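Everything on this sheet refers to the single structure shown next.
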Amino acid sequence: MTPEQIAESALWAQWVGALAALGGVVVAVIFGILTFTNTRRSKDTQQRATLVAADKSTTGRKGLLAESAPVQWVVHHKGGEAWFLVNEGTAPAHSTSIEGLTDLDKRRLTHVVTIPETVPVAMPLPFTLVSRFSLSGPANIVVTYIDGPGGKLRQTVLLVPAE
């Protein structure tokens, strides 16, 4: 082998080593992102499980209150990331607010309209629940309201299904 061939093979060896190191960094970054996303989902799942375990009530689409409650909140899909919250009960709700149940749900709930002081029966309250690669899946919202003038402050947890 000539000195030029030895120098050329040494240069190729350096390039192969540099590319292998770069490939290792890329793989580490990809696995880091996947681990971060998985950890965040696991944290959210654990938070949901803790909240469900702490609440001895049964949950469902109608929320945590008994079926005979005068205010019955139901979530309807409008299309895409748009949803409606509708009172399908027999009485209006007062001082109503909507928020996410977990930290992830609170980040995903991006747009809630200005809610009037009194929400009549069948009035749709639109809201937007963002669904992205790392924020996908079902969510829960907490609807806080007063069940009548001078009534009790109530909370209902509703499932917003994955669409």
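Every number in this text was worked out from the coordinates using simple rules, so none of it is lab data. Quick caveat, the model's predicted, so the values are computed rather than measured. No Cβ is skipped: glycine too gets one built from the backbone with ideal geometry, and neighbour counts run over all protein chains shown.
What number in nm² do you get for region 63-124 if you take the convex hull of its Cα atoms and divide its surface by four? Before the final figure, lay out the partial values.
Numbers: hull surface 18.4 nm².
The orientation-averaged projected area of the Cα hull of region 63-124 comes to 4.6 nm².
Cα-based Rg of region 73-160 per 2.2 N^0.38 Å, rounded to two decimals? Before the final figure, lay out the partial values.
Values: Rg = 12.9 Å, N = 88, 2.2 N^0.38 = 12.1 Å.
With N residues counted in region 73-160, Rg over 2.2 N^0.38 Å equals 1.07.
7 Å from Cα along Cα→Cβ at both Gln14 and His77: what's the point-to-point distance in nm?
5.8
As a test of the definition: which semi-axes, in Å, follow for region 1-51 when you take the square root of five times each eigenvalue of its alpha carbon gyration tensor? Largest first, please. Intermediate values should be presented prior to the final figure.
Numbers: eigenvalues 478, 4, 3 Å².
Equivalent ellipsoid of region 1-51: 49, 5, 4 Å, largest first.
Per 0.36 nm of contour for each residue apart, how much would the distance between Leu159 and Lys106 grow if the chain were fully extended, relative to their Cα-Cα spacing?
Values: separation 53, 0.36 × 53 = 19.08 nm, distance 1.35 nm.
Using 0.36 nm per residue and subtracting the Cα-Cα distance, I get 17.7 nm.
I'd like the Karplus ³J(HN,Hα) series for region 144-149: coefficients 6.51, -1.76, 1.60, θ = phi - 60°, whole numbers in Hz, and an x wherever there's a Gly or Pro.
Running phi through 6.51 cos²θ - 1.76 cosθ + 1.60 with θ = phi - 60° gives 10, 7, 10, 7, x, x Hz.
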